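Quick note: the coordinates plus some simple rules give every number you see, no bench work behind them. Everything numeric in this text was worked out from a predicted model, so none of it was measured. Cβ placement follows ideal geometry from the backbone for every residue including glycine, while neighbour counts extend to all protein chains displayed.
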Amino acid sequence: MFCHLAHSPCLVLFVKFTCALPFKEKYPIDLDISYPLPEHIKVSYSGQLDGAYYAFVKETHVDRFRVGLLTYKGQILSPGNSRDVNKFFFFFATLGHDTEYLRVVSKTLTIQGTTRRKVEEFVRTKDTTRFRRLSRRPVTVNVILQMNTRLVEVAIRGGVGPKRFEIRDGMGFDNVIGVVRYGPYVLTTRTRGLVERIVLWDGGKEQPYITIISLYIDGNCITTKYRYDEGEFGFRIESKALHQVFQNPFDESGEVDAEVRESMDEEDWRNDGPFLLQELSTPNIMARPDEVQA
């Protein structure tokens, strides 16, 4: 998984729940994450993230209980909702254990009978007593002109393969790659709810091939591939793939369709594989000079 936040020790709390009609309200379990977890919560350690573990309502209690109010030393982080059918969070320390990160995911049943997912992110430095809600500043990248800066890292991993553009480690809490350009061509301007974006440039200037991987706060991770066509149309979207994350604490073990896996070389698989799960049928959209493509 490309998201840096997914590679740090974490604490995850997860409520197992199968939605049924009519809706049956459950008793809330209010949690203060600065204290030990109560007896209704079971802990399961991650098999892929060192030091990480999941915590969820015990199977014997899921029919009657749900996660309610989440707080930290009295600070309200996520209020309880009687129509929540799923709520979990993960929490870990990064940046030399000086900063703590918290992500809260709530899945709520609407009055129309559908579910709505809400994801909130918070950080706290060890010298403060309260978490602050994350708000990232978009940084424009023009792949032809972009150099290494204090915020953006440009690199070719192992000296071969595509050129890779991403926000530097330690800067991702407050910054995110926003608008992506290739010279005069605007490939994407979508930044609302953006958590992380990585850009890959292959083929050089002769046959440019751009891949943009975008992770959004609603849990949608979209991989869009752009191929350059000579003439007035410029770039066209060759393919788009969607993978939903933040669905539950076990996203790290996502399964990938065998055909997708076999079509990727080892470098692509390590970088992008977990997100190429569901192919979407997309129109042949072109990116003309200075034309916005959301």
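What to note about this one:
- Between E206 and D30, the distance separating the two model label sites (each 7 Å from Cα on the Cα→Cβ line) works out to 6.7 nm.
- The stretch 137-263 - Debye-derived log10 I(q)/I(0), Cα point model, q = 0.11, 0.15, 0.22 Å⁻¹: -0.41, -0.77, -1.44
- Which listed pairs, of K58/K118; K26/K87; K58/K126; K163/K205, have C-alpha distances above 21 Å, in listed order: K58/K118; K58/K126
- Cut-off under 5 Å, modelled amide H: who pairs with I177 long-range: V139, I167, R197
- Computed from backbone phi with θ = phi - 60° and the Karplus coefficients 6.51, -1.76 and 1.60, the 3J(HN,Hα) list for the stretch 64-75 is 10, 10, 9, 6, x, 6, 10, 9, 9, 6, x, 7 Hz; x is used for glycine and proline.
- Residue-by-residue Karplus 3J(HN,Hα) for the stretch 213-220, coefficients 6.51, -1.76, 1.60, Hz, glycine and proline x: 10, 10, 10, 10, 5, 7, x, 7
- For N142, residues with placed amide H under 5 Å, excluding near neighbours: R181
- For the stretch 129-210, the relative contact order works out to 30 percent when only alpha carbon pairs closer than 8 Å and six or more residues apart are counted.
- Amide H contacts under 5 Å for D32, placed H, 5+ residues apart: T71
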